Amino acid sequence: MTQTKPAEAESQEPVTPSVPLVRALLRNPTMVTFAVLLAIIAAFSILAPDTFTQRSNFVQLAQNVAILTVVSVGTTFVIITAGVDLSIPSGIVLGEVFAVHALQLVGTGGDTTAADVAADQTKGWYMLVALAGALLAGLLIGTINGLVVAYLKVPPLLATLGTLGAGLGVALILQNGVNTATYALDPLGHGSWIAAVPNLIPIALVVVAAGFILLHMAVFGRHTFAIGSNPEAARRAGINVERHLLKVYVIGGMSAGFAGFLSLAYFSTTSIGGHSTDNLQAITAVALGGTSLFGGVGSIIGTLIGVWIPAVLKNGFVITGVQPYWQDVAVGLVLIVAVWFDQLRRRTRNRG
């Protein structure tokens, strides 16, 4: 004689075991990165409480990382698609050069141009002209990258390596190998719209907010994650993968061009021999922030945190009297751990 289970037992839902809080936090790369940053800040706060913890020190840190933050936001989109952008230095340098040449096209009477005016004589629309020139440079670099990667199917590493060299070469040609100084953008680079807060800080935060909305709250972001996770599945779902990749690389290029505009405003000169490692710094910041170098996983907030880790390490080492060269060692070790953690998380997810 067969026994039947009570109706209550048949309708009972299976109980899902709760995930421990610590394990849930460890699965979140952004939280792990934030915990590492807090640990570093706590360590230097103990070692140098009278210097490191001053408000002025953190304001200076925020100003120092502002330009790299702008670049890293664009780089986050590229890396989420399982791509890479090595052309960042050429985008920044060309952004500076195009901005200066745009200012030189604006006459101010006689033989002078907007590039020659003093800081107290500049006008708001001069800055807009320079900004347009810088964004045009970024648009050109990003469009070339996108077309070569998406439509010509050249691997991103090689495609952006090519535009890196070509872009820097064009900058040298336009400048005849000589930097150009201009103070027309000084009110932006050294002014403060908010009392005691340098302009570069709120500008960087606006870029972070725009990147967050685009990546995490818009269809564009969902398509970006989908392509990074599985481009073939994204194509079958109706996403135009090639067109979307083109847009992503345009975002990366224009963020570099905008960073060039900010760099010119802050340093008051082009730097055709500078920014040579900005691509590696941006990729490091994005990876430290929990964005997977294999694509499909990423966070703008994580990138913002990742930008701060190398800056805090360098600042703390200088304050505590440790040779700043150790910063590279420390950042390298943290980066290796971050990539290892990402691989471990991916293997765990695949097994599950």
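The values are calculated or read from the model by the stated rules, or taken from the named source; none is laboratory data. These figures come from a predicted structure and were not determined experimentally. Reconstructed Cβ throughout: ideal geometry from the backbone, glycine too, with neighbour counts over all protein chains shown. Side chains are part of the model used for accessible areas, which takes the heavy atoms of the whole protein and leaves out ligands, DNA and RNA. Shrake-Rupley method; radii C 1.70, N 1.55, O 1.52, S 1.80 Å.
Going by the structure shown, is VAL286 over 21 Å from VAL170 (Cα atoms) and touching a residue at least 60 places away in the same chain (Cβ under 8 Å)?
Values: over 21 Å from VAL170 (Cα atoms): yes; touching a residue at least 60 places away in the same chain (Cβ under 8 Å): yes.
Spelling it out, VAL286 is indeed over 21 Å from VAL170 (Cα atoms) and touching a residue at least 60 places away in the same chain (Cβ under 8 Å).
With respect to GLY295, is the statement that it is outside any loop (DSSP other than H, G, I, E, B), open to solvent by less than 50 Å² (accessible area, probe 1.4 Å), touching a residue at least 60 places away in the same chain (Cβ under 8 Å) and among the small types (Gly, Ala, Ser) true? Reasoning before the result, please.
Details: outside any loop (DSSP other than H, G, I, E, B): no; open to solvent by less than 50 Å² (accessible area, probe 1.4 Å): yes; touching a residue at least 60 places away in the same chain (Cβ under 8 Å): yes; among the small types (Gly, Ala, Ser): yes.
Against the criterion (outside any loop (DSSP other than H, G, I, E, B), open to solvent by less than 50 Å² (accessible area, probe 1.4 Å), touching a residue at least 60 places away in the same chain (Cβ under 8 Å) and among the small types (Gly, Ala, Ser)), GLY295 does not qualify.
Yes or no, residue by residue, for (1) more than 30 Å from THR108 (Cβ to Cβ); (2) more than 19 Å from the chain's Cα centre (by Cα); (3) surrounded by 24 or more Cβ atoms within 10 Å (Cβ to Cβ):
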{"residue": "TRP125", "(1), (2), (3)": "no, yes, no"}
{"residue": "LEU128", "(1), (2), (3)": "no, yes, no"}
{"residue": "LEU135", "(1), (2), (3)": "no, no, no"}
{"residue": "LEU139", "(1), (2), (3)": "no, no, no"}
{"residue": "THR143", "(1), (2), (3)": "yes, no, no"}
{"residue": "VAL148", "(1), (2), (3)": "yes, yes, no"}
{"residue": "TYR151", "(1), (2), (3)": "yes, yes, no"}
{"residue": "LEU157", "(1), (2), (3)": "yes, no, no"}
{"residue": "LEU164", "(1), (2), (3)": "yes, no, no"}
**Request:** Return the only residue of VAL312, VAL286 being within 20 Å of ALA226 (Cβ to Cβ), in a helix (DSSP H, G or I), modelled with pLDDT of 90 or more and not polar (S, T, N, Q).
**Result:** VAL286
**Message:** Need the failing condition index for GLY273 against (1) open to solvent by 40 Å² or more (accessible area, probe 1.4 Å); (2) within 18 Å of the chain's Cα centre (by Cα); (3) farther than 29 Å from ALA42 by Cβ, just the number.
**Reply:** (2)
**Prompt:** Would a scan of region 232-243 turn up a residue that is in contact with a helix residue (DSSP H, G or I) (Cβ under 8 Å, 6 or more places away or on another chain), β-branched (Val, Ile, Thr) and surrounded by fewer than 23 Cβ atoms within 10 Å (Cβ to Cβ)?
**Reply:** yes
**Prompt:** Which pairs have Cβ atoms under 8 Å, sit 6 or more apart or on different chains, and link a residue in region 339-352 that is within 15 Å of GLY290 (Cα to Cα) and open to solvent by less than 70 Å² (accessible area, probe 1.4 Å) to one that is modelled with pLDDT under 70 and not in a helix (DSSP H, G or I)?
**Reply:** ARG345/ARG27
**Request:** Answer yes or no as to whether ALA134 is in contact (Cβ under 8 Å) with a residue 60 or more places away in the chain and under 17 Å from ILE272 (Cα atoms).
**Result:** yes
